[in-house]
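*Asks:* My questions all concern the structure below.
The values are calculated or read from the model by the stated rules, or taken from the named source; none is laboratory data. Everything numeric in this text was worked out from a predicted model, so none of it was measured. Positions of Cβ are generated from backbone atoms using ideal geometry, with glycine treated the same way; all protein chains shown enter the neighbour counts. The area values use the complete protein model at the heavy-atom level, side chains included, leaving out ligands, DNA and RNA. Shrake-Rupley method; radii C 1.70, N 1.55, O 1.52, S 1.80 Å.
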Amino acid sequence: MFMSVQKVFYFKHLFLLTLFLFLCMNTYNVSQYTSGHFFGTTKNVGDYQLIFAPYPPLPFAGDNSTLLNFSILDKENQNVNNIFASLIIKNKVNGSIIQNFPFKFYEFSDITFPYTFKDIGDYQVSLLVRINGDPTYSQRPISVDFDISATNPNQVIPTHELIAYYLVPALAVIAVIVIFLKRKNKI
């Protein structure tokens, strides 16, 4: 009727291993569509903070999963609601405009622009924001420039990918082997 001490020990370790893997996978698989602010490079203009947090932090040329994330916060670090935002992407070397996202209304100021960098190189992203109700920035937009580089996708494995796709599964396999060998009294 009662489970043996060995089975309790086994299930305890299995539970802890499962919990550890769950926490690791959730740490590196965070959704980019959460309602919290983005954290990254910050620039202040007047009473506002403009934050740039690209995902991945070092995008690959040709990768269509790149997200250019921005947060516009007021002096109390709160979202600025009801804004119009535009994004201009320029080649940093020659200044030519590569992409121009026209002004669009956003109810909340945590915004994302999906973009695929076609070539390896250095770029400048210029965020323009008009803030409804602000006497200065409702007609004349805030303009802030951020630098970003697109890298060769065949060059390196990014750290988050290395951990999520290789290290965590390898540790899980090792843990299962150890548990199996302990159950068979081989260790």
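*Asks:* Which one of these does residue 166 not meet: (1) open to solvent by less than 50 Å² (accessible area, probe 1.4 Å); (2) within 28 Å of the chain's Cα centre (by Cα)?
*Replies:* With respect to (1) open to solvent by less than 50 Å² (accessible area, probe 1.4 Å); (2) within 28 Å of the chain's Cα centre (by Cα), residue 166 is out only on (1).
*Asks:* Kindly indicate the residue of the range 177-186 that is without any contact (Cβ under 8 Å) to a residue 24 or more places away in the chain and of a type outside the set (D, E, K, R) and also surrounded by the most Cβ atoms within 10 Å (Cβ to Cβ) among those meeting that condition.
*Replies:* Among those that are without any contact (Cβ under 8 Å) to a residue 24 or more places away in the chain and of a type outside the set (D, E, K, R), it is 178.
*Asks:* I would also like to ask the following. Pick from the range 137-163 the residues that are of a type in the set (A, V, I, L, M) and closer than 30 Å to residue 49 by Cα: which of them is farthest from the chain's Cα centre (by Cα)?
*Replies:* Only one residue tops the list, namely 142.
*Asks:* Output the number of residues of the range 150-160 satisfying the condition of being open to solvent by 40 Å² or more (accessible area, probe 1.4 Å) and either without any contact (Cβ under 8 Å) to a residue 60 or more places away in the chain or within 30 Å of residue 103 (Cα to Cα) (or both).
*Replies:* Residues flagged as open to solvent by 40 Å² or more (accessible area, probe 1.4 Å) and either without any contact (Cβ under 8 Å) to a residue 60 or more places away in the chain or within 30 Å of residue 103 (Cα to Cα) (or both) within the range 150-160 amount to 5.
*Asks:* Next question, about the same structure. Somewhere in the range 116-136, is a residue more than 20 Å from the chain's Cα centre (by Cα), more than 24 Å from residue 64 (Cβ to Cβ) and among the hydroxyl-bearing types (Ser, Thr, Tyr)?
*Replies:* yes
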